[in-house]
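Encoded as structure tokens, the structure appears first; notes follow it.
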There are 2 protein chains.
Amino acid sequence: MDFKSNHHHKNFIDGVPYATVKRLPFYHRFLTDLSKKEVERISSRELAAKMGINPSQLRQDLCYFGSFGQQGYGYRVNDLLREVNRILGLNQEIKMVLVGGGHLGTALANYDNFSRRGFIIKAIFDKNPEVIGGYIKGIPVLDIKELQEYLRVEPVEIGVITTPAEAAQETADRLVQGGVKAIWNFAPVSLKVPEEVLLENMHISESLLLLSFKLKQRRNQPDPV
Amino acid sequence: MDFKSNHHHKNFIDGVPYATVKRLPFYHRFLTDLSKKEVERISSRELAAKMGINPSQLRQDLCYFGSFGQQGYGYRVNDLLREVNRILGLNQEIKMVLVGGGHLGTALANYDNFSRRGFIIKAIFDKNPEVIGGYIKGIPVLDIKELQEYLRVEPVEIGVITTPAEAAQETADRLVQGGVKAIWNFAPVSLKVPEEVLLENMHISESLLLLSFKLKQRRNQPDPV
DNA sequence: TAGATTGTTAATCGATTAACAATC
DNA sequence: TAGATTGTTAATCGATTAACAATC
């Protein structure tokens, strides 16, 4: 509606720079903490200091979505958190299936924070006959062969891949055929998916390699002054 | 030594822009794939196309570390992979301890890719008496109370935190007291550590919130032309 | 040699930060 | 009211991309 929605640059999602979008979950975490601590108000200066960012950046980021503060006062923590929740789409349930019922899949299934925020794992799929037919955290574990038929009857928006690397692309293909709108991938591979399907990667080992690089630099320059 | 090492800007690590550093693990993954497929040579144009980035960016990034190609020919995949391995510090062993022997910790302990690249988990610490004294993937599980004494005798560089959120800060404090040089944190909290200790976060839920945002935008604009 | 592709400088583009009028 | 702080524009800064001489 407003002129911002006419931005169609690759680095913009719906008029908002991707750099801003990536910071939204970060804001969400700090506001959730403040809300838990029952802090009532906070200024951009204080919040930015807590987060280690620039207060102008914080205000600029929020400005893409609306004006949620009050001059001379700051922001009401609960109001701002509610807005960020709404912006992130956390005000509605999102159904997921999880493929790969190993330790990582089990860890995710056990993570209460997801269900508390409306992310519901409807079923877990695996190829291991020893786990098929059982339950993980109350969620049924089904045969991977039943995935497409299941999705036909019970559509879900997000497919989570926690299979070994070798099985990841085939799993992605099945999820796409099943009509998921997004894939959350934990396998250390670059998946190919059609562009109408969103892909979000959690590349755990890339994070460790980055740490390895930084460690090496520190070893070589032990005293950065 | 060269003029680049005089850059001391906050966005530079040792003369290299942080944006470049973050792409190194990405290059590592694609080069490892090509090497496995026994591809002998590749041009910046081809590699960049595979990775979905700009060839100039690829060459510019490599240029911060040296010149590894050959005009008119491109890059020898194995040579470039060896260089990237060296740049990332993967040519030496790095010892780690893991705190939190739950499903996530077990998943990491079972992840062969780490040990294959020289990341060695020396011990796992937990507070649950049922797992203490046992082994996970051949790695001894010890009482969390023994962490500091263990680190005194057997120093390690990286401490991995896979505890619940509530225990994460205390765990970080213990690891810092034990003298680790870096912390790899999987708990969904913002840890406070002294600036001489490196901190790398794997915020799993932030990745899911990002996906939630993108899904919401797609729902509102189902047909981006 | 001619063609191809690198390494690297210069130009462009986007993101961050500063500044300040508006206003609670 | 005076002081504080937002929302937003403009300036700065950094990252990406284009261009091309060097050269295999």
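The values are calculated or read from the model by the stated rules, or taken from the named source; none is laboratory data. As the structure is a prediction and not an experimental result, all values here were calculated from the model. Quick reminder, even Gly has a Cβ in these numbers, built from the backbone with ideal geometry, and neighbours come from all protein chains shown.
Suppose the filter is surrounded by 20 or more Cβ atoms within 10 Å (Cβ to Cβ), more than 14 Å from chain B (Cβ to nearest Cβ), of a type in the set (Val, Ile, Thr) and assigned to a strand (DSSP E or B); does A:VAL160 pass it?
It is false that A:VAL160 is surrounded by 20 or more Cβ atoms within 10 Å (Cβ to Cβ), more than 14 Å from chain B (Cβ to nearest Cβ), of a type in the set (Val, Ile, Thr) and assigned to a strand (DSSP E or B).
Can you spot a residue in the range B:64-77 that is of a type in the set (D, E, K, R), within 13 Å of chain A (Cβ to nearest Cβ) and more than 7 Å from DNA strand C (Cβ to nearest atom)?
Here is the first cut: in the range B:64-77, the ones of a type in the set (D, E, K, R) are B:76.
Subset that is within 13 Å of chain A (Cβ to nearest Cβ): none.
The answer is no; no qualifying residue exists.
Being in contact (Cβ under 8 Å) with a residue 24 or more places away in the chain, under 30 Å from A:LEU147 (Cβ atoms) and either away from DNA strand C (no atom under 15 Å from the Cβ) or not assigned by TED's automatic domain parsing to the domain that holds A:LEU147 (or both), is that true of even one residue in the range A:45-54?
no
Please determine whether any residue of the range B:56-70 is among the hydroxyl-bearing types (Ser, Thr, Tyr), away from DNA strand D (no atom under 16 Å from the Cβ) and modelled with pLDDT of 95 or more.
Applying the first criterion (among the hydroxyl-bearing types (Ser, Thr, Tyr)) to the range B:56-70 yields B:56, B:64, B:67.
The next check asks that each one be away from DNA strand D (no atom under 16 Å from the Cβ); those that pass are none.
Taking every residue of the range B:56-70 in turn, none turns out to be among the hydroxyl-bearing types (Ser, Thr, Tyr), away from DNA strand D (no atom under 16 Å from the Cβ) and modelled with pLDDT of 95 or more.
Yes/no per residue for (1) at pLDDT below 95; (2) over 30 Å from B:ALA165 (Cβ atoms); (3) more than 12 Å from DNA strand D (Cβ to nearest atom):
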residue	(1), (2), (3)
B:LEU31	no, yes, yes
B:VAL39	no, yes, yes
B:GLU46	no, yes, yes
B:LYS50	no, yes, yes
B:ILE53	no, yes, no
B:GLY102	no, no, yes
B:TYR111	yes, no, yes
B:LYS122	no, no, yes
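Going by the conditions given, is B:VAL97 among the β-branched types (Val, Ile, Thr) and in contact (Cβ under 8 Å) with a residue 60 or more places away in the chain?
So B:VAL97 passes the test.
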